[in-house]
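Notes follow the structure.
The values are calculated or read from the model by the stated rules, or taken from the named source; none is laboratory data. The shown structure was predicted, so the numbers you read here are calculated from the model rather than taken from an experiment. Reconstructed Cβ throughout: ideal geometry from the backbone, glycine too, with neighbour counts over all protein chains shown. Surface accessibility is based on the protein's heavy atoms, side chains included, excluding ligands, DNA and RNA. Shrake-Rupley method; radii C 1.70, N 1.55, O 1.52, S 1.80 Å.
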Amino acid sequence: MPTFTETAKATKKKKDIKLVGVDMYIITDKGIPKFDDIGPFKCEFISNRGTKVWPGFVSPDLLQVNWYRCRFMATKDVQDADVNTFLDALSKKGWWWSAAQKLWNYDGEAGFSKAY
Amino acid sequence: MGKQHVVTMLPGEGTGPEICEAVRLVIDASGVDIQWEYEDIGLDCLEKYGTLLPDKTIQNIAKNKVALKGPTTTPIGTGHKSANVTLRKVFDLYANVRPAKLIPVLKRPWDKIDIINFRENTEDCYAAIEHMVSDEVAQCLKVITWPGSYRIADFAFKWAKANGRKKIYCVHKANIMKMTDGLFLDAFREVAKKYPDIESGDIIVDNCCMQLVRNPAQFDCLVLPNLYGDILTDLCAGLVGGLGFAPGANVGDGCAIFEAVHGSAPKYAGMKKVNPSAVLVSGIMMLRWLGEEAAAARIEKAMFAVLDERKHVTYDVGGTAKTDEYAQAIVDKMHAKA
């Protein structure tokens, strides 16, 4: 049995990391949320259990739970501080959220999946 | 002839169209009255519609509520959404029913395998929630919900009851994933209380894999979350003869789509070489779904007879017959028995 004296170390660093939006996980029993633009953030789509429920066709048979992923994309260049302001504004509007995930582009490529 | 059924036919791409024509030949000869409406799906749609699943196809399936689908291929890493996953999402086809039953003439090292897998089809790691949370770290959310888990378990027990099945096991990894798989298992146990006549239990997924290859006859019905279901249903297909004979159905409350689970084998496209049996047995499942038991049984009996004779079978089971010649042999066998 060989003994490995060195562990392989690899990195995959990206040069350009750009904040482009936020995925918000909203909890509500009032159905599909509706949002006006909040500062520089505009709601692009909403999914439930991974299936897009806004905009577009939604099967009347679709099972929905009270937890929505709401994707907000920035309409201009934004910084982390803009996200803090956005979260504060969203909470003040009465939205209850379980988590927020910043969306970044890495060297120009989206680091986040689309919804089905 | 009895009631006419209107069914959406989705030939897919690669070898899909020639397979579906062979299957249609057999089904139409079985005495059942089906009006087929053809729609596009798969890679060939990209150039024409810019999507793997055109709206026109979705609308037709929504109208007919039942479809028979040939194989399609999802391009890897191109950003195109899988047509199969999109269909499941759009129509909320939450139950993937995958029977694994020994076909008598295919020599396998087992005496008996007759398992029905019920794979939850819409949740788990397939919720398409993935992020690069740093430039070196990717994350995928595993989404398991109580309503989603409850309804697949209830579907499985209902199916089992209606088809005289005796035992259902829930497959999970709740010893490690206590929240997600734990929720799935809790919902299963809650549902099981409603069906005291059916034996129920649970088994950890890794042990289940080992038990399946050692002694598959011990299993009757399995209920699985999406990812384990994806893997174990192919394992079960391998036990009984491979994907070439593996049927599948994706079922929701308002719609059912029946399909083979193998790929589209584009290198064989147009050669009429491939075995259409997987789509054919999916078609047999569809006929039973439509209440056409007599036609389903007629096709099944003729197919087994043709396979048993081995005179008109495809290359994968040791023959030289073309796809359509195999189908015609099944038709001839049905007519000979009539």
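Here are A:LYS102, A:LYS114, A:LYS18, A:LYS13: which of them is touching a helix residue (DSSP H, G or I) at 6+ places or on another chain (Cβ under 7 Å) and within 14 Å of chain B (Cβ to nearest Cβ)? None of the others qualify; the one that does is A:LYS102.
What about B:PRO71, is it within 14 Å of another protein chain (Cβ to nearest Cβ) and not hydroxyl-bearing (Ser, Thr, Tyr)? Write out each step before concluding.
On the way: within 14 Å of another protein chain (Cβ to nearest Cβ): no; not hydroxyl-bearing (Ser, Thr, Tyr): yes.
In short, no.
Only strands (runs of 3 or more DSSP E) wholly contained in the stretch B:83-198 count here; list those with 1 or more residues that are in contact (Cβ under 8 Å) with a residue 24 or more places away in the chain and open to solvent by less than 10 Å² (accessible area, probe 1.4 Å).
B:95-101, B:114-120, B:167-172
Just one of the listed residues (A:ASP82, A:ASP77, A:ASP61, A:ASP29) is touching a residue at least 12 places away in the same chain (Cβ under 8 Å) and part of a loop (DSSP other than H, G, I, E, B), namely A:ASP29. Please state which of the following conditions A:PRO40 fails to meet, knowing it meets all the rest: (1) at pLDDT 95 or above; (2) open to solvent by less than 10 Å² (accessible area, probe 1.4 Å). Result: A:PRO40 passes all but (2). Of all residues in the stretch A:81-95, none satisfies being open to solvent by 70 Å² or more (accessible area, probe 1.4 Å) and within 14 Å of another protein chain (Cβ to nearest Cβ). Of all residues in the stretch A:39-57, those satisfying the criterion of being free of Cβ contacts under 8 Å to residues at least 40 places away in the same chain and at the interface with chain B (Cβ under 9 Å from one of its Cβ atoms) are A:ARG49, A:PHE57.
Those residues that are basic (Lys, Arg) and more than 9 Å from chain B (Cβ to nearest Cβ), I need them from the stretch A:62-80; list them, please.
First, the residues of the stretch A:62-80 that are basic (Lys, Arg): A:69, A:71, A:76.
Within the stretch A:62-80, A:ARG71, A:LYS76 qualify.
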